[in-house]
Structures are given as structure tokens and as C-alpha cells.
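Below is one structure, written out as C-alpha cells; comments come after it.
The values are calculated or read from the model by the stated rules, or taken from the named source; none is laboratory data. Computed from a predicted structure; not experimentally measured. Glycine also receives a Cβ, built like all others from the backbone with ideal geometry; neighbour counts cover every protein chain displayed.
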Amino acid sequence: MKGRDRLQGTDGVRRVARLSSDPLLQGVGPMEAFLDRGIMTEQFVELYVYGCMAELQRQGRLLPGGEVVIGWDPRDPTHAFPEAAIRGVRKGGARAVVAGMLPTPAVVLYLLYRQATAALVVTASHNPADQNGIKLFLGPLGLKPLPADDGLLTDSIHAVDWPALQGMAEAGEVEWVREEALRVFLEFTLDERNSWAKGKDALQALLLVVDPAYGTYAGIAAQALRELGATEVVEVNGTPGDQVNLNSGVGDLEGTAEVEAGLRVPSGRSFPRNALLKELFRLGRENRSACQGGKRQVLGVAFDADGDRVYLVLYDPFRDRLLILSGDESAFHQARYLISQAPQPYRGTGYLNTVESDLNAGLGASGLGYQARLTGVGDKWLLWQASFGWLVERLAETSLLQRSAEIRDLWERLSSLEEPQAFLLSELAERVSRFEAGGRRLEPAAGSPGGALPWEDALGKSLRISVANEESGHLITRGYLTRRDAATIPVFVGNGLKGAINTLVALRALDGEPPSPEEMERRHRPFAPGFKKTLYVYYTDKAQLRPGTGFRRHLEVALKEACHKILQAGEEIASCAFSEEPEMLYLGIFQENTQQAGVYIRNSGTEEKTAIYLRGSQEDRMRLAAVGEEVLRFLLAQMKDLGSLYAQAERVFLEGLHQGREPSGEELQARFPGLSPQRLIQEIEKQGLIQHEGAGWRLTNRGEEYLKASRPVFPLTPGPR
């Protein structure tokens, strides 16, 4: 796509959600609300989904009456947004196969089970409850669109005539399938090939606290864990509703490694309203002696609202604290378990994570016998590489490229692309599936498909991926699904429940070691941890980070100057480009061509924030932290979007604290209609600008410095955003 900005971020589209009938949107169309006001309405959902149907039809992927599976999380109590998605599918001439409120992985697995064309999930995932979004998945692999695909979708969506769409008939049929979709998901989850759990007592002696974050796993995850033999399963935050992710789930724990008694962390942050942590301390203390003796283990399982991410929390009975396993630690436990169970099949296969991960995770995986690879942020890249590696492996085992001109033509089209495209890889996989379904079984053949892909060097040479993860809690390992037509296929799906069960099984394999403080530390830190810290700036003008802007040039100079100050003898700085994410500004610190540390800045593709990521060894902690603080001050002062409703409210709240009077939630809502005070305060705290003091809040040193250094205050009368 040339000359038009993609509508999508890291994972589909997300925005603050409001109904089109909101007085603030009077006379504003759905595209204008989305682009100019930063607001997603149910009208935009209908328009967006219809545009996706149009693009799938243009590519020949969606035929009249073709099936599209639809699911959602519970954040929209009006159901206006999922109903709009159903209309968009039906007006696009497709059959709406409605799975209803289910975890995202359940919707995707049902797409693959049913061999539908695509799936849509109306969710903003881990984002606050006042936001909503749309995720798109493509059959037959369950891939998410990549940037090149998003460009095509954006053009199709812009081409939709909204007034004409409003009067269009809903030509497609509708079918409601939640019960069957849930059955398929639970059967998949409990299948020993996917759970790795051998027998009905695989989780015996585990006392588990499950936190579905008021989302789609409410009732479902706890049921599955009980069926796998957990001694006790307690669910908290289990009533689905419009408060998803609030003081709960993965989102509340991000960036936290351990929680001390009193629900505090060493950095000063506290969790007074987190029911998961409270229940873990209660259950752990009740069973402390049994845990110290190895007769019981107390663990927590935290999901996000749509269920594709997971963190585990371990109760340490020796020091009365909670230890949090992010995606990095869980993936490493899984990788070690797999290669210990079957060294030959896994040795030399891929261990894939993203630039957000601890640098030492990949080094540790290499030590286990894997080939470690690094990719850009977003589980779409994990899904792409896992699926691409499997498909190339499949083609390498057969003579299909020699036997089928159609398949060979598709491969050559893939080879000619400048960047990868999920649409085309999905089409290739579909043709391979049809070839086999027609009775033309693929015979093994020597060699591998020829033709180097121009973007292979950037994305990594094709490799069978065994374990893929994001630090944020996406965990992907190969699963096996028996489809409706009785065929069994390998699948790669970001699945929080599968990830949790696999990690629990991997941890159980360590139970031969007697309980001790040292063993708890090994579970918490399965690889020698590096230094990993992320600093957030919310409510930013993300466009400033684009290549070629004056702001980016100044930022790059500031970042390099900050890094130069902390260089040691023999070290040098080098810029690193990631084709998956051209806006990311990444500087590596190298010594003799070996990377020692990394500092990078990127816009979130799913939230209203920009982040500074610091990665290195523990010895780098102090010097990287100094770089982070210096660059953070620059971003806080220069990158805030002062036209943002939340940026304006943030300033009012901080100024109030500075003057000795904390603004109430009611005051903030009266001045800024549509604002969520809980979300605002949580995001200000995540920036390190405030911390708890008694029953209220006080400014931190960073907060005081921000008020002194930031640009002039916004107009007193807030705008409509």
C-alpha cells in the first residue's frame, strides 16, 4: 500500500469504544470518528468487517455463502459491537457462524475445525475495558494478517460506501454454534497430545487460583484444570462483564517479577485490589507447611480478557512471596521439558521469541540444543514463522512442487514478494490441503523447494519452530486438531489455557527435587536472567516516531548520546533495523560483533502508549537504567499528545496532587466526559509518575520532574476526543 496509513496496529484495530448515538459523535461518520477522534463505534465495526469480506472476495478466498466464524469477549454489555460484526459478515454475502462469547483460541480452533474461510473476534484483548477492537484470522492455518495484508484490507475498507452499506440487505445466513465450538475447544485442550498431561491426576497436589480477568475463560479454564486432576481450583474475577482486565489478569502483572507480603513490589508499586494475589497469599499461608514439605504447591494462572495470553504465579512458602512467570520463563520451562522428553526430535529445532524478551532466554535455549531466533513484536510473526516453517517442511518432504504447476506458481508468487503476506501463504496451504483431500497423497521426495525468498534473511530462514513466545504471555507450541472431516492437522494457535497447562506439566517434571528456597528460585528463574526493564509513556503522538520526522531525528540523537555515555572499553553502538517493524528505533551495544545489550523505542500497536525497552545482562542494570531515565524524560516532555482526552486528564490529576488535592473520579468524569478514572490512574501509575500513599496517591520524583519539564498546558476546555 502506498500513501495511505494502515488502519491496523500490532493486532487488528483497537480504539476507545463508544456507540454512534453518543452526543459527542453527533454528525460524525464511523471512519471520521475512528481516524480523527480515536473512537471506534459499532458503525465502524460493521464497515470494517464488510471491507474485510470484500477483500477476501476480491482475492477469491471467500465465495458466496462462505463461512466466517465470529466470537467476542464480554466487554460490550450492549452487544452492539458483535451484532455489527455479524451484520458486516452477512452483508458481505458470507454465512455468519456465531461462536459467541468464547476465548479467542476457541474461535480460531473452531475456524480450523470447520474449515471456514476466516474468523473475527470482537475484542481489545488485554486493553482496558473502555476500548474494543477486531482481530482477523485466516483459514486454513489461523494466521493473522501481516502489514502487507493490512495494507490491502485498509484500501478495501476505505473503498466502502457507508451510506450504501447502511441500506444493504443481510444476504448471508447465520448459524449459532457456541456449544459445539466450546466442545471442540475443550476436547482439543484435554487431548494428551496438546496438554502433555498424562492421566487424570496429572495436576494432583496443585492448588490453583484462576484469574480470567472478568473475561472469556470464566468457568472454562477452571473446569479444564479440574478435569486434569488439580486438587483444588479457585476462580477469582470470574464474572464476565464490562470491567474486563481491571486490577486483574496478565495486564495488571506485566513488568512485575515478584510480589512481597503486603501486596507490594520493591519498585514501590502495590496491588491492593488484585484478588488473584490476595487469594494466593491466603491459600499459600494456609498450606505453607504442606508446601514446604512438597505435599502441596500453590500457583496462580492469570489470563487476559480474550484468553490468548497467560502468566503463572508461584507461591514461595519459604519467603512468603509470589513469583511471577512471564512468557519468557514459561516458554523456557516448556522448551526444557520437551527436549528432555524427546531429545532427538527437538534438538536443532527453533526457539522463537521477540525483541521484548530477555536476551538471555534465547542464549539459554541455545544451550539446551535449540536454534534461537528473534523476531518483531506481535504474535502474528510467531504464527507466521511457525506455519511457514511447517509448510516448507511439508513441501520438502514431497514432490508436490514438481507435480503441481498450480502449487509451483503460488510458490513463485511468494518468492517474488518484497515482504511476507499471510493471504498468499494461506492460499498456498489451502491448495496443498485440496490436493491431498482429492486423494492425491503427497509422496516423499528428496530435496527442498527452490527459490530464495527476498525477505527470508529478515525473518529468518525457514525452520521448524518447537516453542515460540512473547514476554507478554503469548505461548505457541504445535498442537493437533481433528477436524470435522476426521482429518488430523497440526495447528499453531496462541492459547493461554494450553500454555498454562503445558507450563504446569513442565513444572511438575521438576518435582523430583526436594522443596527448598533454591529450588523455588530455579523455577522462577529457569535461565540465568538478564536485565529487562520497560518504561512506558502513555497518550503519545505516535506519528512522531515515523521514519523521516524531525522528532525521530532528535530522538535518535538523544538516544545515541545517552548510550555513548555508558559505553565500556571495546564497545560500540549500531542501529538495527527490523523489517517487521520499521518504526521501531533500536540501538544495540556490541563488543567484537557480539551484542551485549539493546535499547529500543517502539509504539504499542494495541494501546495508547510508547515504550522504552532496556535489555542486557544483570551487570548492565545500572547503566541501562540511566539511559532509560534520560530518554524517558525526553519522551515525557516531548511526545505527549496534548489533544488527547487522557493526556489532558492526566495533567489535571498530577497538578492536583502537586497542589495537595487529589481530584476525585467524579470530578474527572465531569470535566472529561467518557473518561475512565480507574484506567487513567492505573496508566499514570504504570508510568511511575505516582505511587500509593495511605488511601490515596502522591507524586513520585519522576512525576514532579515531568510537571516541571513538560510543555505548556492544554486548553482549559477539553476537545471531543
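Condition test on Pro145, is it in contact with a Phe, Trp or Tyr (Cβ under 8 Å, 6 or more places away or on another chain) and surrounded by 22 or more Cβ atoms within 10 Å (Cβ to Cβ)? Yes; evaluated as a whole, the condition is true for this residue. The single residue among Leu632, Leu642 that is within 30 Å of Ala17 (Cβ to Cβ), under 28 Å from the mean Cα position of the chain (by Cα) and outside any helix (DSSP H, G or I) turns out to be Leu642.
Per-residue answers, yes or no, for (1) without any contact (Cβ under 8 Å) to a residue 40 or more places away in the chain; (2) within 17 Å of Leu507 (Cβ to Cβ); (3) touching a strand residue (DSSP E or B) at 6+ places or on another chain (Cβ under 7 Å); (4) in the same structural domain as Trp72 (by TED's automatic domain parsing):
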| site | (1), (2), (3), (4) |
| --- | --- |
| Leu203 | no, yes, no, no |
| Tyr214 | no, no, no, no |
| Gln223 | yes, no, no, no |
| Thr239 | yes, no, no, no |
| Glu286 | yes, no, no, no |
| Gly294 | no, yes, no, no |
| Val298 | no, yes, yes, no |
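In region 667-701, of all residues being of a type in the set (A, V, I, L, M) and touching a residue at least 24 places away in the same chain (Cβ under 8 Å), the one that is farthest from Gln243 (Cα to Cα) corresponds to Leu699. Scanning region 119-159 for residues that are touching a strand residue (DSSP E or B) at 6+ places or on another chain (Cβ under 8 Å), within 19 Å of Leu35 (Cβ to Cβ) and of a type in the set (Val, Ile, Thr) turns up just one, Ile134. Looking at region 610-617, can you tell me whether even one residue there is within 21 Å of Glu471 (Cβ to Cβ) and of a type in the set (S, T, N, Q)? Checked region 610-617: at least one residue is within 21 Å of Glu471 (Cβ to Cβ) and of a type in the set (S, T, N, Q). Against the list (1) more than 18 Å from the chain's Cα centre (by Cα); (2) in a helix (DSSP H, G or I); (3) not hydrophobic (A, V, I, L, M, F, W, C), the condition Asp328 fails is (1). Before we move on, is Ser340 at pLDDT 95 or above, outside the structural domain of Pro145 (by TED's automatic domain parsing) and either surrounded by fewer than 19 Cβ atoms within 10 Å (Cβ to Cβ) or not aromatic (Phe, Trp, Tyr) (or both)? Judged against the criteria, Ser340 is a match. Pairs are defined by a Cβ separation below 8 Å, a sequence spacing of at least 6 or placement on different chains, a first member in region 407-426 that is in a loop (DSSP other than H, G, I, E, B), and a second member that is of a type in the set (Gly, Ala, Ser); the pairs so defined are Leu417/Ala148; Glu419/Ala148; Glu419/Ser579; Pro420/Ala148; Gln421/Ala148.
One residue alone among Val355, Val298, Val392 is of a type outside the set (Ser, Thr, Tyr) and at pLDDT 95 or above, and that residue is Val298.
Please state which one of Glu662, Glu650 is surrounded by fewer than 20 Cβ atoms within 10 Å (Cβ to Cβ), touching a Phe, Trp or Tyr at 6+ places or on another chain (Cβ under 8 Å) and among the acidic types (Asp, Glu). Checking each option against the conditions leaves just Glu662. Within the set Val505, Val467, Val493, the sole residue that is modelled with pLDDT of 95 or more, among the aliphatic types (A, V, I, L, M) and part of a loop (DSSP other than H, G, I, E, B) turns out to be Val493. When Ile573 is tested against (1) assigned to a helix (DSSP H, G or I); (2) of a type in the set (Val, Ile, Thr); (3) touching a Leu at 6+ places or on another chain (Cβ under 6 Å), only condition (1) is not met. For region 450-462, filtered to residues that are in contact with a helix residue (DSSP H, G or I) (Cβ under 6 Å, 6 or more places away or on another chain) and surrounded by 20 or more Cβ atoms within 10 Å (Cβ to Cβ), the residue that is modelled with the highest pLDDT is Ser462.
Residue-by-condition table, conditions (1) under 14 Å from Leu120 (Cβ atoms); (2) within 25 Å of the chain's Cα centre (by Cα); (3) among the acidic types (Asp, Glu):
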residue	(1), (2), (3)
Asp11	yes, yes, yes
Ala17	no, yes, no
Leu25	no, no, no
Gly29	no, no, no
Leu35	no, yes, no
Gly38	no, yes, no
Thr41	no, yes, no
Val45	yes, yes, no
Leu62	yes, no, no
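Scanning region 401-412 for residues that are in contact with a Leu (Cβ under 6 Å, 6 or more places away or on another chain) and charged (D, E, K, R) yields a single hit, Arg408. Of all residues in region 160-176, exactly one satisfies the criterion of being of a type in the set (Val, Ile, Thr) and either exposed (fewer than 12 other Cβ atoms within 10 Å of the Cβ) or closer than 16 Å to Gly66 by Cα (or both), namely Val174.
Take Leu507 and decide whether it is buried (at least 20 other Cβ atoms within 10 Å of the Cβ) and more than 18 Å from the chain's Cα centre (by Cα). Taking the combined requirement at face value, the residue satisfies it. Conditions: (1) of a type in the set (Gly, Ala, Ser); (2) free of Cβ contacts under 8 Å to residues at least 40 places away in the same chain; (3) assigned by TED's automatic domain parsing to the domain that holds Asp242. Ala164 meets all but one. Number of the miss? With (1) of a type in the set (Gly, Ala, Ser); (2) free of Cβ contacts under 8 Å to residues at least 40 places away in the same chain; (3) assigned by TED's automatic domain parsing to the domain that holds Asp242 applied to Ala164, the lone miss is (3). So if I check each of Gln43, Gln8, which one is in contact (Cβ under 8 Å) with a residue 60 or more places away in the chain, closer than 25 Å to Arg546 by Cβ and touching a Pro at 6+ places or on another chain (Cβ under 8 Å)? Of Gln43, Gln8, the one residue that is in contact (Cβ under 8 Å) with a residue 60 or more places away in the chain, closer than 25 Å to Arg546 by Cβ and touching a Pro at 6+ places or on another chain (Cβ under 8 Å) is Gln8.
Among the residues of region 634-652, at least one is touching a Gly at 6+ places or on another chain (Cβ under 9 Å) and among the hydrophobic types (A, V, I, L, M, F, W, C). Comparison of Gly133, Gly215, Gly172 shows that the only residue that is over 24 Å from the mean Cα position of the chain (by Cα) and either assigned to a loop (DSSP other than H, G, I, E, B) or at pLDDT 95 or above (or both) is Gly172. The set of residues from region 492-531 being within 11 Å of Leu312 (Cβ to Cβ) and among the hydroxyl-bearing types (Ser, Thr, Tyr) comprises just one member, Thr503. If I ask for residues that are touching a helix residue (DSSP H, G or I) at 6+ places or on another chain (Cβ under 9 Å) and assigned to a loop (DSSP other than H, G, I, E, B), which ones from region 136-169 would you list? Of everything in region 136-169, those that are touching a helix residue (DSSP H, G or I) at 6+ places or on another chain (Cβ under 9 Å) and assigned to a loop (DSSP other than H, G, I, E, B) turn out to be Gly139, Pro140, Leu141, Gly142, Lys144, Pro145, Leu146, Ala159, Val160, Met168, Ala169. Checked against the criteria, Asn127 counts as buried (at least 24 other Cβ atoms within 10 Å of the Cβ), assigned to a loop (DSSP other than H, G, I, E, B) and not aliphatic (A, V, I, L, M). Taken together, the criteria place Thr610 among residues that are modelled with pLDDT of 95 or more, hydroxyl-bearing (Ser, Thr, Tyr) and either within 22 Å of the chain's Cα centre (by Cα) or under 21 Å from Leu363 (Cβ atoms) (or both). Of all residues in region 564-582, those that are touching a strand residue (DSSP E or B) at 6+ places or on another chain (Cβ under 9 Å) and modelled with pLDDT under 90 total 5.
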